[in-house]
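Visitor: Sharing a structure here in structure tokens format.
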Amino acid sequence: MMLGEPSESADCWKKAGDEALAHNIKGVIMMGAHWDAAGDRIEVATNPNPGKSPVAYVHPSKYVDYKLNPDLKTADRCISMLADAGFDVAANPKFDWIHDTYLILIRMFPNGCPPTVLVSMNARFDPHFHVKVGAALRPLRKEGYLLIGSGGAVHNLYRNVWMPMLRFSDNFAQETPPEPWALEFRQAVEDAFVHNSGPKLRRAVTRLMKHPLYRDAHATDDHFMAAMFVAGAAGDEEDEGVYANLTAETWELTNMCNSQFTIGNWPKTLNLAA
Ligand SMILES: [Fe+2]
């Protein structure tokens, strides 16, 4: 899968990681696409020695030896900041990390994982709720933390073309172009990110979940929540005039689009991988 194989997006993550290190990044705060908390809750990972959940179609040699670096001190700060913002938030000391986060970190920081905090989604997948999570953690950007959201612009596993992957292990095969609904929604995501800033970015990104093709592009909401988190983190009034750049894009399984956006400039600090 794309997270395991070389790709233009993987090169883009490496470049973003190099830039972060060159600017003495303090740590990473990350929301992925595979961890959600039930009820009204969100959780923050505090397992001091997290395992890595295995990932389908990626050889374990690509990740088993990479040492994760959970930042427990900053995790506690995140919990306080989220509680102060009114969230029902708790530490999760047992959570093992999943490929939506650790494979990105491996690509960005192959020589060592910076101190990292993982924040869960909430299983109700309310866009405005997740914008508020990003907004609550936004002050950490000014301290030199990199906030990352990991998900996908178009991600509907039911509508992918799986045969080249299953027969030839070729996730990048494009025997046909992506279907119109996928192209159309991917364009809507790009337009929302690159043509809006500040609170307008938050409005545009949350509104994407009302797009007529949203449910075609996302059969489930989990891979779109990180975009809300990022819009919250980079969509304050202070961010007006700071627009996202589309830095790379990788299609796989014909209809799944992984668009990479970066918002903000060092040393002001905010990058994201979607
Ligand atoms: Fe995923």
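Each reported figure results from applying straightforward, stated rules to the coordinates on display, with no laboratory input. All values reported here derive from a predicted model rather than from experimental measurement. A quick note on method: Cβ atoms are made from the backbone with ideal geometry, for glycine too, and the neighbour counts reach across all protein chains shown.
Visitor: What does the highest-first list of 175-182, 204-211, 133-140, 220-227 look like by mean Cβ count within 10 Å? Kindly include the intermediate steps, with their values, before the conclusion.
Guide: Details: 175-182: 14.2, 204-211: 18.0, 133-140: 21.6, 220-227: 24.1.
Answer by packing, highest mean first, reads 220-227, 133-140, 204-211, 175-182.
Visitor: Can you return the aspartates and glutamates within cross-link range of Lys26? Criterion is Cα-Cα under 19 Å, with same-chain partners fewer than 8 residues away left out.
Guide: Asp18, Asp71, Asp76, Glu143
Visitor: Here is a follow-up. Could you order peptides 14-22, 160-168, 124-132 by the average number of other Cβ atoms within 10 Å of their residues, highest first? Present the calculation step by step, with values, prior to reporting the outcome.
Guide: On the way: 14-22: 17.0, 160-168: 13.4, 124-132: 19.0.
Per-residue Cβ counts within 10 Å, averaged per peptide and sorted highest first, yield 124-132, 14-22, 160-168.
Visitor: Identify the trypsin sites (Lys or Arg not before Pro) of the stretch 46-91 meeting these criteria: DSSP loop state and at most 16 other C-beta atoms within 10 Å of the C-beta.
Guide: Those that pass, being in a loop and sparsely packed, are Lys67.
Visitor: Hey, can you list the DSSP H helices of the chain whose Cα span along the axis is 24 Å or longer and whose average Kyte-Doolittle score is at least 1.0?
Guide: On the way: long enough: none.
Helix filter hits for the chain: none.
Visitor: I've got another one for you. Along its principal axes, what span do the Cα atoms of the chain show, with the longest given first and each in whole Å?
Guide: On the principal axes, the chain reaches 49, 42, 39 Å in Cα extent.
Visitor: Please list, short to long, the whole-number percent of alpha-carbon pairs of the stretch 59-110 in consecutive 10 angstrom bins beginning at zero.
Guide: In whole percents, the pair-distance histogram is 20, 41, 29, 10, 0.
Visitor: Could you tell me the ratio Rg/Rh of the stretch 1-106? Both radii from Cα atoms, Rh via Kirkwood.
Guide: Numbers: Rg = 15.0 Å, Rh = 15.3 Å.
That ratio is 0.98, to two decimals.
Visitor: Another one. Each label point is 7 Å from the Cα along the Cα-to-Cβ direction; what then is the distance between the points at Glu238 and Glu175, in nm?
Guide: It is 5.2 nm.
Visitor: Once you list every other residue whose beta carbon is under 14 Å from the beta carbon of Ser9, what net charge do they have if Lys and Arg are +1 and Asp and Glu are -1? Spell out each step's value before the answer.
Guide: Numbers: positive: Lys14, Lys15, Arg107, Arg186; negative: Glu5, Glu8, Asp11, Asp100, Glu249, Glu252.
Summing Lys and Arg as +1 and Asp and Glu as -1 gives -2.
Visitor: May I ask which of Lys132/Lys210; Lys14/Lys94; Lys62/Lys142 have a Cα-Cα span longer than 25 Å here? Before the final figure, lay out each step's value.
Guide: Numbers: Lys132/Lys210 18 Å; Lys14/Lys94 29 Å; Lys62/Lys142 33 Å.
Beyond 25 Å: Lys14/Lys94; Lys62/Lys142.
Visitor: Measure out, as a whole number of angstrom, how far apart the alpha-carbon centroids of the stretch 179-205 and the stretch 7-82 sit.
Guide: 25
Visitor: Can I ask one more? What whole-number volume per residue, in cubic angstrom, does the convex hull of the C-alpha atoms of the stretch 185-263 give? Please report the intermediate quantities before stating the final value.
Guide: On the way: hull volume 6.1 nm³, N = 79.
Enclosed volume per residue, from the Cα hull, is 77 Å³.
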